[in-house]
1. Would you confirm whether any residue within the stretch 169-176 is over 25 Å from Ile277 (Cα atoms), surrounded by fewer than 15 Cβ atoms within 10 Å (Cβ to Cβ), touching a helix residue (DSSP H, G or I) at 6+ places or on another chain (Cβ under 7 Å) and not aliphatic (A, V, I, L, M)?
2. Quick test for you: out of Thr326, Thr275, pick the one residue that is exposed (fewer than 14 other Cβ atoms within 10 Å of the Cβ), touching an Asp or Glu at 6+ places or on another chain (Cβ under 7 Å), over 30 Å from Glu358 (Cβ atoms) and without any contact (Cβ under 8 Å) to a residue 60 or more places away in the chain.
3. Go through (1) in contact with a strand residue (DSSP E or B) (Cβ under 6 Å, 6 or more places away or on another chain); (2) among the small types (Gly, Ala, Ser); (3) buried (at least 22 other Cβ atoms within 10 Å of the Cβ) and name the single condition Ser195 misses.
4. Would you mention how many residues in the stretch 390-414 are more than 16 Å from Glu378 (Cβ to Cβ) and of a type in the set (Val, Ile, Thr)?
5. Looking at Arg115, Arg93, Arg120, Arg79, which one is of a type in the set (Lys, Arg), surrounded by 18 or more Cβ atoms within 10 Å (Cβ to Cβ) and farther than 24 Å from Glu24 by Cα?
6. Mind listing whichever residues of the stretch 51-60 are surrounded by 20 or more Cβ atoms within 10 Å (Cβ to Cβ) and aliphatic (A, V, I, L, M)?
7. Please go through the stretch 323-339 and give me each residue that is under 25 Å from Gly268 (Cα atoms) and not in a strand (DSSP E or B), ordered by number.
8. Check the stretch 5-25 and report whether any residue there is aromatic (Phe, Trp, Tyr) and more than 24 Å from Ser270 (Cβ to Cβ).
Amino acid sequence: MYDLIGVGVGPFNLSLAALLDEQEEVDTLFFEQTPKFDWHPGMLIEGTKMQVPFLADLVTMANPKSHYSFLNYISEHDRMYQFYFLQRLDIPRREYNDYCQWVAEQLESCRFGKRVTNVRHIEDHDSHFEVEVLDLETEEKKTYYSRHLILGTGTSPTMPGSAQDLPSNDVFHTSQFLEHQERCREAKSITVVGSGQSAAETFRELLKEQRDCGFRLDWITRSPGFASMEESKLNLEHFSPDYVNYFYSLPQDKKDEIFATQGLYYKGISNHTITDIYNLLYEYSVGHEEPDVGLQVLSELNDIKPNENGGYTLECRQWQSGDRFTHESDVVIMATGYRPNVPEFIHDLGSYLQWDEEGRYKVEADYRLETSESTSNEIYVHSGISHTHGVGSTNLGLAVHRNKVIINHLMGKNVYSLPKKSIFQSFQVR
């Protein structure tokens with residue numbers, strides 16, 4: 001009987017596993033279906049960097065002395081002086097992934113190549129969860145038992161319905177960009193659809209290769225412009241425990257109203273990425289040349305159809321003027337976002353869990369799913385909680401704080417102190 005079983009090993013659950021590794025009285029397991037830790041592998045483009053400082057690693061905000069800190073990773077790999085001379089708070093995205101792999105390889109509680117296929121809540125003299133796990137290599141199924149669960153099942157890429165049944169080598173999501181990069185280099189024309197950081201990083205990488213490969217490159221978005229992310233210091237305080245607590249205290253209809261207006265806090269494009277793109281376009285225009293590039297805003301994709309002689313026709317509409325137009329492209333890359341991944345076995349728990357009118361989790365302030373009956377068995381959750389806990393729900397800078405809250409509740413004592421005030425501004429009247 002384990003104290004806690006985790007479903008999924010992304011950064012949030014990996015952080016929890018690393019912090020709990022230091023708590024001898026807690027017995028845990030974390031299952032992940034992929035063969036090893038890999039954080040958005042399709043977007044680990046050279047030159048991309050994290051949007052949070054390295055201090056937002058897996059453990060430092062709770063325990064700077066931890067063996068699993070990023071600085072210890074740097075030290076263990078004998079790279080301290082290189083990092084010192086780098087003089088940066090942000091680190092390459094590929095390095096963050098390598099750091100997380102280094103941590104995961106040391107944690108016996110993290111089991112990869114294992115898919116959780118079913119969960120049942122057992123009510124008896126010692127109520128618990130029964131967790132069915134499939135070993136993807138041996139196809140053997142085993143059952144584990146735990147008093148509590150933690151869901152870290154992340155998100156799944158979303159694709160427009162008209163694009164879902166088209167050849168995946170020609171029409172694919174940005175999350176698969178690197179595995180299809182060679183196909184892009186061979187194409188006559190490429191179109192990126194959507195906006196946001198992933199779209200911009202994909203477009204920038206293609207733009208860097210365009211003149212060598214010779215393809216036509218277009219970027220189409222329904223957004224009014226290629227908007228930069230709001231990264232000013234005081235606005236970053238929206239990614240704080242204080243704002244999470246304030247947002248959670250609001251009525252759900254008010255939360256939905258506010259969250260709908262906060263896209264540029266977490267969905268915009270970083271300023272340095274926009275600057276890189278503009279600088280490349282400017283360089284390409286030297287000598288009065290016209291770059292073979294198109295950037296089309298205010299335009300939504302309504303349909304995409306294969307052509308008889310290869311390539312695809314995109315049927316679009318400029319939604320302000322109402323003008324409709326078509327666009328031809330060999331390769332189409334969808335930067336159309338992600339949705340919370342709610343596993344099927346969670347729905348199989350039936351009436352045990354409570355859902356809101358929109359079919360979303362009902363979540364307590366301390367990240368426990370609300371249940372329809374009194375129970376001593378908790379399900380904690382990391383993903384699918386933006387509607388209850390706000391814009392910081394997917395921000396790595398809040399991962400450790402969230403895990404401190406979860407650990408304190410799990411262990412029934414204040415293992416970690418929680419700040420009463422961590423920012424300069426106030427979001428509610430005191």
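1. Yes, the stretch 169-176 contains a residue that is over 25 Å from Ile277 (Cα atoms), surrounded by fewer than 15 Cβ atoms within 10 Å (Cβ to Cβ), touching a helix residue (DSSP H, G or I) at 6+ places or on another chain (Cβ under 7 Å) and not aliphatic (A, V, I, L, M).
2. Thr326
3. (1)
4. The number of residues fulfilling the criteria is 3.
5. Arg93
6. Selection gives Ala56, Leu58, Val59.
7. Listed by number, the residues that qualify are Ala335, Thr336, Gly337.
8. Initial filter on the stretch 5-25 (aromatic (Phe, Trp, Tyr)): 12.
From the residues that got through so far, the ones that are more than 24 Å from Ser270 (Cβ to Cβ) too are none.
So far as the stretch 5-25 goes, no, none of its residues is aromatic (Phe, Trp, Tyr) and more than 24 Å from Ser270 (Cβ to Cβ).
The values are calculated or read from the model by the stated rules, or taken from the named source; none is laboratory data. Quick caveat, the model's predicted, so the values are computed rather than measured. All Cβ positions, glycine included, derive from the backbone under ideal geometry; neighbour counts span all protein chains shown.
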